[in-house]
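A.B. asks: Right, I'll just put the structure down here and ask away after.
Bear in mind that the values in this text are calculations on the coordinates, not laboratory data. Keep in mind that this is a model prediction, so the values were computed, not measured. Cβ atoms come from the backbone with ideal geometry, glycine included; neighbour counts cover every protein chain shown.
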Amino acid sequence: MKIPNVVSIQKYSIHDGDGIRTTVFFKGCLLNCWWCHNPESQNFKPELMYNKEKCAGCFNCAKVCEHNHVDIENNMVINDRVNCKLCGKCLDYCVNNAREIVGKQCSVMDIIKEVEKDSMFYESSYGGITLSGGEVMAQDMEFIVSLLKKLKRKGYNIAIDTCGQAFQKNYEKVLPYVDTFLYDIKLMDNEKHKKYMGKGNELILKNLEYISSQGANIYIRIPVIGGVNDSDKEIEDIINYLKENISVSQINLLPYHDIAASKYERLNMKYKGKEFTVPSKERMEKLKNMFIQKGFSNTKIGG
């Protein structure tokens, strides 16, 4: 069993399924969406995040790095991210917490111990636990199934938030233990999908059709990105596909925002979404009504 890396365990989540939930964000995804709100969860391995805006200019990080992977040039910190050992020593000497290592291994019992702290909220709100990412379905499935079995034995409601880019056999393994799939659909146009996500949508749609055929409870989540998939045609294509192929319990339309853009700089990544626009409230209402008019009465704006 390979123990995956976890970015964070978020308490009191109200946008990741029904009720009050605890969301476990696993690290690693097989897509590379231009607008990804969690770029720190794309890579499967731990990474250094450095916020230069918080840097106090003490340069303790360079002084204490035993591997000489932090330099100072023109009075600025230069991180050798390729060779960095991620030992974490520099974090202990960073006075303003400008440095952070994202991703750490958590055992099944580590996760269970943490999520159980909020069990009283699950019961009172009909909530539960959501496994998210990154992409949970691209992790070691022996680990994920072991976690799911133990959570299910304790009676917890389980949701999995997935982009669908994973082996179908992985979905077969988790189906008996999952109460709800929060399933992302972004585009029906395969070429545009390749452009903006890095891969086509064939496997994503195949997996969605499979879990639907098995009677899974499915909430479709559609990030609405101005300039990418917010046109009437793009939305109509999604509506028609879902109506013909998928049994859907709920539609969630998620308006794009760029509040995560600063994370990219901290990871030394380029943010490709600068040209995207935020759909207006009026536009989101219109898209919501398009779904309702086609029979998807349980359509909501937001998570």
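A.B. asks: Condition first: farther than 19 Å from Gln139 by Cβ and surrounded by fewer than 16 Cβ atoms within 10 Å (Cβ to Cβ). Now tell me which residues in region 3-18 satisfy that.
C.D. replies: The answer is Lys11, Tyr12, Ile14, His15.
A.B. asks: Tell me which residues, restricted to region 92-127, are at positive phi and surrounded by 22 or more Cβ atoms within 10 Å (Cβ to Cβ).
C.D. replies: Across region 92-127, the qualifying residue is only Gly103.
A.B. asks: Follow-up question, since we're still on this one. Does at least one position in region 153-162 carry a residue that is buried (at least 18 other Cβ atoms within 10 Å of the Cβ), within 17 Å of the chain's Cα centre (by Cα), of a type outside the set (A, V, I, L, M, F, W, C) and on the phi < 0 side of the Ramachandran plot?
C.D. replies: yes
A.B. asks: Something else: List pairs: first in region 74-91 and part of a loop (DSSP other than H, G, I, E, B), second aromatic (Phe, Trp, Tyr) and surrounded by 12 or more Cβ atoms within 10 Å (Cβ to Cβ), Cβ under 9 Å, 6+ apart or cross-chain?
C.D. replies: Matching pairs, first to second residue: Asn75/Phe59; Arg81/Tyr50.
A.B. asks: Out of all the residues in region 289-303, which are within 8 Å of Ile251 (Cβ to Cβ) and either of a type in the set (D, E, K, R) or surrounded by fewer than 17 Cβ atoms within 10 Å (Cβ to Cβ) (or both)?
C.D. replies: Residues satisfying the conditions are Asn298, Lys300.
A.B. asks: So which of Asp92, Asp140 ends up being out of contact with any Cys (no Cβ under 9 Å at 6 or more places or on another chain), closer than 30 Å to Glu53 by Cα and charged (D, E, K, R)?
C.D. replies: On the way: Asp140 fails: closer than 30 Å to Glu53 by Cα.
On inspection, the qualifying residue turns out to be Asp92.
A.B. asks: Can you run down the residue pairs with Cβ atoms below 8 Å, 6 or more apart or on separate chains, where the first is in region 265-282 and closer than 22 Å to Glu40 by Cβ and the partner is of a type in the set (A, V, I, L, M) and in a loop (DSSP other than H, G, I, E, B)?
C.D. replies: Gly273/Ile225; Phe276/Ile225; Phe276/Val228
A.B. asks: Let me spell it out: the conditions are (1) in contact (Cβ under 8 Å) with a residue 40 or more places away in the chain; (2) of a type outside the set (Lys, Arg); (3) not in a helix (DSSP H, G or I), and Tyr183 meets all of them except one. Which number is the exception?
C.D. replies: All conditions pass for Tyr183, except number (1).
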